[in-house]
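The structure appears right after this line, and notes come after that.
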Amino acid sequence: MRKAMLAIAVIGVSAAADALAADNDLAGTYRLVVEQRRIVDTGELVPVANPQGFITYGKDGRVLVLIVRAPRPRPEALDKITDQQRIDLHRTMTAYGGTYKFDGSKVEHNIDISWNEVWTGTKQVRSVTRDGDRVTLTTPPFPFHTDGRMSVNMLVWEKVK
């Protein structure tokens, strides 16, 4: 009887540990489906049309992100890209890689390499909410790069199957 009770207790603890691991597991590749920012002072929502991007969380603790925003120039050929097209391509992209830690409600991206050296070596923290195959990452308030207005960005990612 004691062995049976012990076996049931072990199974119960194992199931609880599996559920906790599932709650704390972001592993997989996600496609960006919604991107918007909220202006802190006014509450105004500013959507991004046709968001495009991917984020991959590896079971090894690595993260890779690539986001592009329209309009993007389409140079005629690689050897014919103008300096202005290079600038515009850079301005319409976010890309970085590094490690991550996820605790079930927030994720920390520790940036090892990025499209913008200002981010390299930094930690980017995002609040996380989950709804089925969707993960929403929300930034803390920050001055937006184009207008300086305090903003909160929200990105909704859907798991790629």
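The values are calculated or read from the model by the stated rules, or taken from the named source; none is laboratory data. Remember, it's a predicted structure, so these values are computed and weren't measured experimentally. Here the Cβ is made from the backbone with ideal geometry for all residues, glycine too, and neighbour counts use every protein chain on show. Side chains are part of the model used for accessible areas, which takes the heavy atoms of the whole protein and leaves out ligands, DNA and RNA. Shrake-Rupley method; radii C 1.70, N 1.55, O 1.52, S 1.80 Å.
Structural remarks
- Between VAL48 and THR99, the modelled label-to-label distance comes to 2.7 nm, taking each label 7 Å out from Cα in the direction of the beta carbon.
- Among ILE113, ILE81, ILE55, the largest mean-square fluctuation in a Gaussian network model of the chain, built with springs joining Cα atoms closer than 10 Å, belongs to ILE81.
- Accessible area per residue for the chain is 65 Å², calculated with a 1.4 Å probe on protein heavy atoms, without ligands, DNA or RNA.
- Relative contact order of the chain, pairs being alpha-carbon contacts under 8 Å that are 6 or more residues apart, as %: 22
- Relative counts (whole %) of C-alpha pair distances in segment 34-86, using bins that are 5 Å wide: 4, 14, 14, 13, 16, 17, 13, 7, 2, 0
- Magnitude of the charge dipole, the chain, Cβ model with Lys/Arg +1 and Asp/Glu -1, debye to 20: 360
- Taking ALA95, ALA49, ALA27 in turn, the Gaussian network model of the chain (Cα-Cα springs below 10 Å) assigns the largest fluctuation to ALA49.
- Distribution of pairwise C-alpha distances over the chain, 5 Å bins, in %: 2, 8, 13, 18, 17, 14, 9, 6, 4, 3, 2, 2, 1, 1, 0, 0
- Percent accessible area from carbon and sulfur atoms, segment 46-161, protein chains only, probe 1.4 Å: 55
- Taking all protein chains together and rolling a 1.4 Å probe, ASP25 ends up with roughly 60 Å² accessible.
- For LYS106, the aspartates and glutamates whose Cα comes closer than 16 Å to its Cα, not counting residues fewer than 8 places off in the same chain, are ASP23, ASP25, ASP131.
- For segment 108-161, with +1 on Lys and Arg beta carbons and -1 on Asp and Glu, the positive-most of VAL160, PHE144, HIS109 along the dipole: VAL160
- The lysines whose alpha-carbon is closer than 20 Å to the alpha-carbon of LYS161, local same-chain residues fewer than 8 away aside, are LYS59.
- Label zone of ILE39 (point 7 Å out along Cα→Cβ, amide N under 14 Å): in segment 126-150 this covers 144-150.
- Mean-square fluctuations from a GNM of the chain, with a 10 angstrom spring cutoff on Cα atoms, peak among THR42, THR92, THR122 at THR42.
- Sparsely packed GluC sites (Glu not before Pro) within segment 71-145, loop by DSSP, other Cβ within 10 Å at most 12: GLU76, GLU117
- Compactness relative to 2.2 N^0.38 Å, alpha carbon Rg of segment 66-161: 1.27
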